[in-house]
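Written out below as structure tokens is the structure these notes cover.
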Amino acid sequence: MSTSESILAAARRRATGQPYAGAVTPEEAYALLCGDPRVKLVDVRTNAERDWVGRVAVPESQHVAVQWVTYPGGAPNPDFGAQLEQVADRDEVLLFLCRSGVRSRHGARAATELGFAESYDILEGFEGDRDTEGHRKTVGGWCKAGLPWIGA
């Protein structure tokens with residue numbers, strides 16, 4: 001079994017009963033992206049979050065952005081499905097990322113409902129949870145894991 005197959009098998013076990021294929025840690029997501037150029041990270045944060053907070057540093061061909069909610073206002077993105085269909089194929093492994101791991105679960109679920117069977121949530125998100133002082137990037141997440149990212 002390859003490393004990618006092992007990671008995806010663990011991800012499926014980790015999310016048994018969820019309405020999407022599985023859940024990966026940030027480190028596992030990065031290993032999948034490095035190991036297979038066909039894997040895509042779907043960043044469901046707002047454009048403002050990516051611009052002001054930062055974004056993952058992976059090849060452009062593997063990084064797509066489809067907002068789960070719009071900015072400003074936080075209204076659900078009515079075009080989420082149509083936009084996802086423009087940037088991803090139904091047979092690709094899709095790894096959904098948000099700030100802390102909440103919107104990414106919704107994105108992975110919605111993608112699965114649209115026929116993207118290999119949709120995975122990235123646990124902890126980009127910034128992780130808040131610490132005791134209310135700051136992010138110190139408790140879990142892509143940034144805390146020391147994975148490559150660009151921005152603030």
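The values are calculated or read from the model by the stated rules, or taken from the named source; none is laboratory data. Note that the coordinates shown come from a computational prediction; the quantities given were computed from them, not determined experimentally. With ideal geometry, Cβ positions are generated from the backbone for all residues, glycine too; neighbour counts draw on all protein chains shown. Ligands, DNA and RNA are stripped out before the accessible areas are found, and what is left, the full protein with its side chains, is counted by its heavy atoms. Shrake-Rupley method; radii C 1.70, N 1.55, O 1.52, S 1.80 Å.
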Item to check | Given the chain, longest segment not containing exposed loop trypsin sites (Lys or Arg not before Pro) (DSSP; at most 16 other Cβ within 10 Å) | outcome: 39-89
Checklist outcome for this item: Ranking Val58, Val102, Val24 by how far each Cα lies towards the positive end of the charge dipole of the chain (+1 on Lys and Arg Cβ, -1 on Asp and Glu Cβ), the top one is Val102
Checklist entry - Considering only protein heavy atoms and a 1.4 Å probe, what is the carbon-and-sulfur percentage of the accessible area of the range 1-68? => result 53 percent
Next on the checklist: If I model a spin label as a point 7 Å beyond the Cα along the Cα-Cβ vector, how far apart are those points for Asp79 and Ser61 in nm?
Outcome noted: 2.6 nm
Next on the checklist: Can you give me the long-range amide H partners of Leu41? Hydrogens built in the peptide plane at 1.01 Å from N, cutoff under 5 Å, separation of 5 or more residues or another chain.
Outcome noted: His63, Val64, Leu95
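Rounded to the nearest 20 debye, what is the charge dipole size of the chain about its Cα centre when +1 sits on each Lys and Arg Cβ and -1 on each Asp and Glu Cβ? Before the final figure, lay out the partial values.
Values: 17 positive and 21 negative charges, 65 e Å.
The dipole magnitude comes to about 320 debye.
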Item to check | GNM flexibility winner over the chain from Gly22, Gly141, Gly35 (Cα, springs under 10 Å) | outcome: Gly35
Checklist outcome for this item: For the range 1-90, listing GluC sites (Glu not before Pro) in a DSSP loop whose Cβ sees at most 14 other Cβ atoms within 10 Å gives none
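If I stretch the segment between Glu133 and Arg12 completely, what's the gain in nm (0.36 nm per residue apart, minus their alpha carbon distance), one decimal?
Values: separation 121, 0.36 × 121 = 43.56 nm, distance 3.40 nm.
Length gained, Glu133 through Arg12: 40.2 nm.
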Checklist entry - Given only helices, namely DSSP H runs of n ≥ 4 each adding -39500 (n - 2.57), what is the per-residue ellipticity at 222 nm of the chain, to the nearest 500 deg cm²/dmol? => result -9000 deg cm²/dmol
